[in-house]
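Inspection log for the structure reproduced underneath, given as structure tokens.
The values are calculated or read from the model by the stated rules, or taken from the named source; none is laboratory data. What you see is a predicted model; the values in this text were computed from it and never measured. Don't worry about glycine lacking a Cβ; one is built from the backbone with ideal geometry, like all the others, and counts go over all protein chains shown. When the accessible area is computed, the model is the full protein with side chains, heavy atoms only, and any ligands, DNA or RNA have been set aside. Shrake-Rupley method; radii C 1.70, N 1.55, O 1.52, S 1.80 Å.
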Amino acid sequence: TAKKGVIRREKGKQGLGNKYHSIRRSLKARMGEASSLDGRWDIHKELQSLPRNSAPTRLHRRCFLTGRPGGNYRYFGLSRHVPRETAHACLLPGPVKSSWQ
């Protein structure tokens, strides 16, 4: 499992992302509509003044159970080894363990 502080930090980033999502989206829309280069620079400075951790690119997709950041299935929301373990324990409907018997 991941460390609790890392998971807490990630949740804080998600909260900031949700808080500044509409502001960031409106600034990007205004930047696309800006006609002059000076206007774009001003909007760009406003965008840069937002917190860094509010950017969606700074988020990691984490496993729902273990908090593991790498090797996640989006469909399940779990890291790569958890669906295997749950399928072996017959907790995940659908997958069947194949064997040569």
*Pop the C-beta distance of residue 57 and residue 91 into the FRET formula with R0 = 35 Å and round what comes out to the nearest 0.05.*
0.55
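Taking the Cα centre of the chain as origin, work out the dipole magnitude from +1 charges on Lys and Arg Cβ and -1 charges on Asp and Glu Cβ, in debye rounded to 20. Walk me through the numbers before you get to the answer.
Numbers: 22 positive and 6 negative charges, 82 e Å.
My answer is approximately 400 debye.
Would you calculate a helix-derived [θ] at 222 nm for the chain, using -39,500 (n - 2.57) for each DSSP H run of n ≥ 4 and dividing by the full residue count, to the nearest 500? Each step should come with its number before you reach the end.
Details: 3 runs with 51 residues, N = 101.
Mean residue ellipticity, 222 nm, calculated: -17000 deg cm²/dmol.
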*Given the options 15, 70, 39, state which has the largest fluctuation in a GNM of the chain using a 10 Å cut-off (strictly under) for Cα springs.*
39
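Given C-alpha coordinates of the chain, what is the ratio Rg to Rh with the Kirkwood estimate of Rh?
Numbers: Rg = 20.6 Å, Rh = 16.7 Å.
Using Cα coordinates only, the ratio equals 1.23.
For the chain, what does the accessible surface come to per residue with a 1.4 Å probe? Please give it in Å². Don't jump to the answer; show the numbers that get you there.
Working: 8290 Å² over 101 residues.
Per-residue value: 82 Å².
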_Only Cα pairs within less than 10 Å get springs; with that Gaussian network setup on the chain, which residue of 89, 55, 34 has the largest fluctuation?_
89
*Just going by the charge dipole of the chain, with Lys and Arg at +1 and Asp and Glu at -1 on Cβ, which of 43, 75, 95 is farthest out on the positive end?*
95
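Once neighbouring chains are kept in place and the probe is 1.4 Å, which whole percent of the accessible area of the chain is contributed by carbon and sulfur?
54 percent
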*Build a GNM of the chain with springs between Cα atoms under 10 Å: which of 54, 22, 35 gets the top mean-square fluctuation?*
35
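With viscosity set to 1.002 mPa s at 20 °C, what whole-number translational diffusion coefficient in µm²/s follows for the stretch 1-60 from Stokes-Einstein and a Kirkwood radius over Cα pairs? Spell out each step's value before the answer.
Working: Rh = 12.7 Å.
Rounded, D is 168 µm²/s.
Arrange the peptides 78-84, 58-64 so that the one whose residues have, on average, the most other Cβ atoms within 10 Å appears first.
Details: 78-84: 17.1, 58-64: 15.4.
Top to bottom by mean Cβ count within 10 Å: 78-84, 58-64.
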